[in-house]
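Asks: Got a structure for you, written out below as structure tokens; questions coming shortly.
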Amino acid sequence: MHGIIFQELQQYVEEKLGGEAWASLLQESGMPGRVFMPTQVYPDDDAVVLVTTASKITGNPAGAILEDFGKYIVPDLYKLFGMLIRPEWKTLDVVEHTEQSIHTAVRAKDPSAAPPAITCHRQGPKEVLVEYRSARKMCSVAIGIVKGLAEHYGENIEVVEETCMLKGDESCKIRITLLD
């Protein structure tokens with residue numbers, strides 16, 4: 001996982017839990033003093049340990065933390081990839097075109113990058129079915145990003161996860177419905 005994600009996680013932890021929370025989280029996770037450089041790649045297990053430890057410390061389920069983190073990073077994702085998003089797009093359009101526009105650019109810029117594989121099936125003007133596949137199984141982050149996009153665009157959506165890799169399914173199928 002890229003160091004930029006860890007830096008975003010550090011900002012998230014410090015904003016949610018206070019300036020000293022990151023150092024405490026690293027300590028509790030067995031990584032005291034660890035520094036994540038934005039251009040380096042780190043083991044996915046480091047993120048898992050940090051989120052699991054944060055869950056134990058806060059009492060919040062790991063999935064809830066990851067979903068909230070997904071919402072949190074949307075503004076920074078927009079800063080990085082906004083030029084790839086057409087001005088007329090809204091939440092469902094961005095989701096539908098993520099693989100072709102954003103993930104393709106991420107992989108072209110850095111061949112070691114491994115964003116999740118996303119296949120979208122537009123079900124109509126107000127619905128997209130997303131099939132998410134990733135060895136990381138962090139579908140909660142994807143759901144949070146979708147909810148963060150909806151907030152960004154001022155849209156009301158419903159997100160239903162119909163299947164989940166964490167429950168043994170082959171992929172996560174996430175239905176996103178525009179309610180407005």
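Asks: If you go through the range 22-45, how many residues are at pLDDT below 95 and assigned to a helix (DSSP H, G or I)?
Replies: Total satisfying the criteria: 2.
Asks: Restricting to the range 95-131, count the residues that are farther than 23 Å from Thr163 by Cβ and within 16 Å of the chain's Cα centre (by Cα).
Replies: Of the residues in the range 95-131, 3 are farther than 23 Å from Thr163 by Cβ and within 16 Å of the chain's Cα centre (by Cα).
Asks: I would also like to ask the following. Condition first: in contact with a Lys or Arg (Cβ under 9 Å, 6 or more places away or on another chain) and within 25 Å of Gln10 (Cα to Cα). Can you find one or more residues in the range 74-92 that meet it?
Replies: Within the range 74-92 (the criterion being in contact with a Lys or Arg (Cβ under 9 Å, 6 or more places away or on another chain) and within 25 Å of Gln10 (Cα to Cα)), the answer is yes, since at least one residue qualifies.
Asks: In addition: Suppose we filter Phe36, Phe81 for residues that are surrounded by 18 or more Cβ atoms within 10 Å (Cβ to Cβ) and aromatic (Phe, Trp, Tyr); which single one remains?
Replies: Phe36
Asks: Every residue in the range 102-117 that is closer than 16 Å to Tyr132 by Cα and among the polar types (S, T, N, Q), please.
Replies: Thr104
Asks: Of all residues being of a type in the set (A, V, I, L, M, F, W, C) and loosely packed, with under 14 Cβ neighbours inside 10 Å in the range 84-131, which is modelled with the lowest pLDDT? Just the residue, please.
Replies: Ala108
Asks: What pairs can you find where one residue is in the range 147-167 and assigned to a strand (DSSP E or B), the other is of a type in the set (S, T, N, Q) and exposed (fewer than 15 other Cβ atoms within 10 Å of the Cβ), and their Cβ atoms are less than 7 Å apart, with a gap of 6+ or different chains?
Replies: If the second residue must be of a type in the set (S, T, N, Q) and exposed (fewer than 15 other Cβ atoms within 10 Å of the Cβ), no pairs are left.
Asks: A further question on this structure: I'd like to check something: does the range 99-110 contain any residue that is out of contact with any helix residue (DSSP H, G or I) (no Cβ under 6 Å at 6 or more places or on another chain), in contact (Cβ under 8 Å) with a residue 60 or more places away in the chain and farther than 21 Å from Gly148 by Cα?
Replies: Yes - at least one qualifying residue is present in the range 99-110.
Asks: Going by what's in this entry, would Glu170 be described as without any contact (Cβ under 8 Å) to a residue 60 or more places away in the chain and surrounded by fewer than 19 Cβ atoms within 10 Å (Cβ to Cβ)?
Replies: Yes: the conditions hold for Glu170.
Asks: What is the one condition in (1) hydrophobic (A, V, I, L, M, F, W, C); (2) closer than 22 Å to Pro75 by Cβ; (3) surrounded by 19 or more Cβ atoms within 10 Å (Cβ to Cβ) that Val159 does not satisfy?
Replies: Unmet condition: (3).
Asks: Any idea how many residues of the range 68-105 are closer than 20 Å to Ser140 by Cβ and hydrophobic (A, V, I, L, M, F, W, C)?
Replies: The total comes to 8.
The values are calculated or read from the model by the stated rules, or taken from the named source; none is laboratory data. Here the structure is a predicted model, which means the values were calculated and not measured. Heads up, the Cβs are rebuilt from the backbone with ideal geometry, glycines too, and the neighbour counts pull from every protein chain shown.
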